[in-house]
Amino acid sequence: MTTRNNQCPVRRPVSQDVLSLFQGAERVLVLTHQNPDGDALGSASGLALALCGQGKTAHIYLTGNRSDNLLFLVENLTVLEAVEEPEQYDLVALLDCHGFDRLGPDEGPALAALLAGTKKTAPLAVIDHHLLGDRETASSTWLWDSSASSTGELVTDLLSALEWSYSKEAADALLLAIASDTGFFSQTNATSGALAAASDLVAAGGSLEEVDRRIRKDWPPRRLRLMGLVLNSLELHFNGRVAIMSVTPAMLEAAQAEMSDTEDFVEMGRSLAGVDLSVLIKDSGGGQGAVRVGLRSRGEVNAQALAKSFGGGGHRQASAYNDPCAADAREVKTRLLAVVEKYL
Ligand SMILES: [Mn+2]
């Protein structure tokens, strides 16, 4: 992101290669990572709606779990149960990740093989802001910037560079994407670029009030029941700098809730004065390697480095991992507490 007069943010440039792909495509398959979060589903929805607005066809294919409160994002779009006749697509867009493996250990490679096995393989456009692991096929075209707050910001920049107008519905989806990945514009990644994109989206009819309601104020009672139980599990360590909460199968049962009801619970720990690292351990009873750990940090604490030490990833202030050597919440906590001080 460059600036004019140190004030007016100039939109991120998008390469002609990327623009040409989207200008030329008529039938686009939109993919994102497994268990899509707000940025994944919001950016996929925003892009698909904008494509439809141009008279093109866009199909979305999702893998893993979908959060009930985000499903409104795709209710007016075609969401495929399975990818069929892959030769019908003249472009595949991969959003908020840059490898098919992120669509799931089995489903991702199977889909990659299906798409590559057609007579005329569609080009792949990758739109992502995650730090690079192994690059996807050499034939892919990239709109990638790890300094972008979100994939929603990148898609907004793409639409701006394409000079495509888009609906309020698309603007809301993209606003939701950016809001999701920036802690509702409160983290260090809420940059002038993120706000410039959000400004465009509000100008196009997007509503932060509606996005706030959708992702933070539209929950079923079971979420609050579960929140009470999870708050009761709060422990503070290292002079109050590390907050740890756990979700266990017993809590889910008692609250008649699901793991998807824990969205953003990790923020409760980060809201405490003095906490630099908030940890939410999500154990749904899957056993060894299946316990998910969400991390949120403040200031200089690098949650990404901690997640990486357990094989996970994400961003500096928001990341996650599964500890392959721990079988339940208690083991995850013990192993985390053994190393966490190094990252404080
Ligand atoms: Mn993202």
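A few points about this structure:
- Extension reserve of the LYS120-THR188 stretch, reckoned as 0.36 nm per residue once the Cα distance is removed: 20.2 nm
- Backbone phi angles across region 319-330, fed through the Karplus curve with coefficients 6.51, -1.76 and 1.60 (θ = phi - 60°), yield HN-Hα couplings of 8, 7, 7, 10, 7, x, 9, 10, 9, 8, 4, 5 Hz in residue order; Gly and Pro are listed as x.
- With the helix formula -39500 (n - 2.57) applied to DSSP H stretches of n ≥ 4, the chain reaches a computed 222 nm mean residue ellipticity of -10500 deg cm²/dmol.
- Long-range HN-HN contacts of SER246 with modeled amide H, under 5 Å: SER233, ILE281
- Each Lys or Arg adds one and each Asp or Glu subtracts one; over the other residues with Cβ under 13 Å from the Cβ of SER146, this totals -3.
- Kirkwood Rh in Å, taken over all unlike Cα pairs in region 1-105: 15.0 Å
- Across region 105-117, computed HN-Hα scalar couplings (Karplus, 6.51 cos²θ - 1.76 cosθ + 1.60, θ = phi - 60°) run x, 9, 5, x, x, 5, 5, 4, 5, 4, 5, 6, x Hz from first to last residue, x flagging Gly and Pro.
- Using every pair of distinct Cα positions in region 3-215, the Kirkwood expression returns a hydrodynamic radius of 17.0 angstrom.
- Stretching ASP106 away from ALA254 to a fully extended chain increases their span by 50.0 nm, per 0.36 nm per residue minus the current alpha-carbon distance.
- Pair TRP164, THR334: separation of 7 Å Cα→Cβ label points (nm): 5.3 nm
- Burial order of peptide ranges 181-187, 124-130 (average beta-carbon count within 10 Å, highest first): 124-130, 181-187
- Note on the chain: Lys pairs 8 or more places apart or on different chains, Cα atoms under 19 Å apart, count 6.
- Relative contact order (%) - the chain, alpha-carbon pairs under 8 angstrom, separation at least six: 13 percent
- 3J(HN,Hα) along region 62-72, derived from phi through the Karplus expression 6.51 cos²θ - 1.76 cosθ + 1.60 where θ = phi - 60°, amounts to 10, 10, x, 7, 10, 6, 3, 6, 9, 5, 4 Hz, with x in place of Gly and Pro.
- Taking N as the residue count of region 221-343, its C-alpha radius of gyration divided by 2.2 N^0.38 Å amounts to 0.97.
- Extension gain from GLU75 to LEU344, taking 0.36 nm per residue of separation minus the Cα-Cα distance: 92.6 nm
- Taking Lys and Arg as +1 and Asp and Glu as -1, the other residues whose beta-carbon sits under 12 Å from that of VAL301 total +3.
- Inter-label distance, nm, simple model (7 Å from Cα along the C-beta direction), ALA290/GLU84: 3.2 nm
Read-outs throughout are calculated quantities, based only on the coordinates presented, and are distinct from any laboratory measurement. Small disclaimer: the values here were computed from a predicted structure and weren't measured. Glycine gets a Cβ as well: all are built from the backbone with ideal geometry, and neighbour counts include every protein chain shown.
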